[in-house]
1. Mind checking which pairs have a first residue in segment 180-208 that is closer than 30 Å to Ser342 by Cα and outside any strand (DSSP E or B) and a second that is open to solvent by 40 Å² or more (accessible area, probe 1.4 Å) and among the charged types (D, E, K, R), Cβ under 9 Å, 6 or more apart or different chains?
2. When the residues of segment 226-244 are filtered to those that are under 26 Å from the mean Cα position of the chain (by Cα) and of a type in the set (A, V, I, L, M, F, W, C), which remaining residue is farthest from Val148 (Cα to Cα)?
3. Pick out the one residue from Asp136, Asp159, Asp149 that is part of a helix (DSSP H, G or I), of a type in the set (D, E, K, R) and loosely packed, with under 10 Cβ neighbours inside 10 Å.
4. Is it fair to say Phe172 is over 30 Å from Arg345 (Cα atoms) and not in a loop (DSSP other than H, G, I, E, B)?
5. Since Thr223 meets every condition but one in (1) under 27 Å from the mean Cα position of the chain (by Cα); (2) among the hydroxyl-bearing types (Ser, Thr, Tyr); (3) open to solvent by 10 Å² or more (accessible area, probe 1.4 Å), which condition does it not meet?
6. Which count do you get for residues in segment 377-418 that are surrounded by fewer than 17 Cβ atoms within 10 Å (Cβ to Cβ), part of a helix (DSSP H, G or I) and among the charged types (D, E, K, R)?
7. For a quick check of your reading of the model, give me the residue pairs whose first member lies in segment 113-126 and is without any contact (Cβ under 8 Å) to a residue 40 or more places away in the chain, whose second is open to solvent by 100 Å² or more (accessible area, probe 1.4 Å) and among the hydrophobic types (A, V, I, L, M, F, W, C), with beta-carbon atoms closer than 6 Å and at least 6 apart or on different chains.
8. Any residue that is under 22 Å from His368 (Cα atoms) and surrounded by 14 or more Cβ atoms within 10 Å (Cβ to Cβ) - is there at least one of those in segment 430-440?
Amino acid sequence: MSRHLSVVGGRMTCMPRHTSFRFCLDLSVEQERVLSRHVGAARFAFNQALRLHKDARAAVRRAQGEPSGVVADGDEPRARTNAIDGDDGAPRVPWTGFDLIKAFNAWKRSEAAGRRFLVGIDRKTRVEVTGLAWRDQVVAQVFEEAAVDLGRGLKACNDSWTGARKGSRVGFPRFKKKSPTGGSFRIRNKTTKRRPDIRIGDGDRPRSVSLPKIGILRVREDTRRLRRMIATGRARILSVTVSRGAARWWISITVEAADLHPAHGHSAARQAPLSVEVSSEQPNAQLNSGWVGVDRGLRVLAVAGSSDGSEVLRVDNQRALRRGLPRLRRLSRAVSRKKKGSKNRQKAVVRLGRQHARIRNRRRHVLHQVSNQLVKNHARLVLEDLNITGMRSNRKLSRAISDAAWGELARQITYKQAWRGGQVVVADRWFPSSKTCSACGSLRKDLALKDRTFECRECGHVMDRDLNAAVNLAAWAENHTPTVTDGAGRGAARVGDRQAAGPVTNAHRQDTPAHPGPPGRGGKGLDDVGTSPQAAPAA
């Protein structure tokens, strides 16, 4: 993320990171109607901008002599070449958010958006172009942000089809359906000479958010922390997103905040000499400056261990979905038994949404607690590169893997560690952390998933399976992280350690030590990497 300086209150502050504050709204009946109108306007703008995009592409196809018709949702997007000859009269296809905003603004004032017939005294009829008559009842930025969202979706789809975007293929954007229990809209913060459009705690209501053209909205939580950050110049509001879900309204305030205080970071801890006394506020940040491996699992959500074999954290998996599944099934059956379109079905859908939200909040709360504890106490963390999508193909473990939310835990650890100036290293996906002995480095290939204790057949070392994997991850980071500098100024791993990094030519991947004995004992043999024992150089 790019850093820039901002002058707030006569002081220059560095604001390098984006964060958000989420509050639950306490609305009146009139305010709910106003917010519902804005949610509908955002949905309408998105659908209309998508329709304008499809119509423009169909016009280009007709101009080029191809079969006419509106582009289907599954059609492959073409290359983003908007330069069309003006002789054929083909319109310019809007791809970006800026072009979509221009196209929608031109449409909302045209006759296609709205008109009315006026009959004069002389009985003559004339047509008056009104455009979108209700556009003044909502904030204009709602239309613009919806077009920007569509532009992002079109770009992701086009990059996915052309190969510029990695990962699973992104589909073409679809029209949004009307939902009485969902939807959201976004408003940017514009600062005038007098005051910004979005304000926190305006007037004598500290628990409130003021939005342009909407007014003051009460919130249920305390906004003291955010108000202090804004007052001291350590945060600047960028935008707000109002969303509806689970019979509640939420507001998420995105701010550009300054760096954390140096006392809460790890940069000073890594640079501090060994003779410096440890402060009482953060005793673990300077003590635990070595690498700590984090192993994620199903029975145990996370196990953290250092390279010396000590366990620093163990968190059991709460299984939020498994605990709430009986009630979730009962509410799902209640929805399916109600008549479609009835009030009772709508109430049952709301109760089902609340249960989904309760499960999601429980899982999110545990993940934030685990990530905060790891990031606050350890400056260097090692994560394993898990193929979560591939592992979810297992029908017996798919639900448990999704319930554990390994990817969300890794995401939280990554950005929180970056805020504190720490380090996060991702180990090689093919590194056998669970099957490698943390004491001697031998590989046990027959280790099954049901074996919760690792027993080494070479040295007799016995350790918990998850802790053994975490210790191996920490050792992997120590051996693959540059610790010394050679004469050319390049970093090199420590010489002599197992799995040390180094230039290897004409060899297969091998993360365990090679022995001239049988391949089944002590890892791979020399024959497994393309070198025979006879060809090995003599000591």
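The values are calculated or read from the model by the stated rules, or taken from the named source; none is laboratory data. Everything numeric in this text was worked out from a predicted model, so none of it was measured. Reconstructed Cβ throughout: ideal geometry from the backbone, glycine too, with neighbour counts over all protein chains shown. Calculation scope for accessible area: heavy atoms of the full protein, side chains included, ligands and nucleic acids excluded. Shrake-Rupley method; radii C 1.70, N 1.55, O 1.52, S 1.80 Å.
1. Pro180/Arg244; Thr181/Arg244; Gly182/Arg244; Gly183/Arg43; Gly183/Lys176; Gly183/Arg244
2. Among those residues, the one meeting the criterion is Met229.
3. After ruling out the rest, the residue left standing is Asp136.
4. no
5. Here Thr223 meets the rest and fails (3).
6. Result for segment 377-418: 3.
7. Sorted first by the residue in segment 113-126, then by its partner, the pairs are Thr125/Phe117; Thr125/Val119.
8. No, every residue in segment 430-440 fails to be under 22 Å from His368 (Cα atoms) and surrounded by 14 or more Cβ atoms within 10 Å (Cβ to Cβ).
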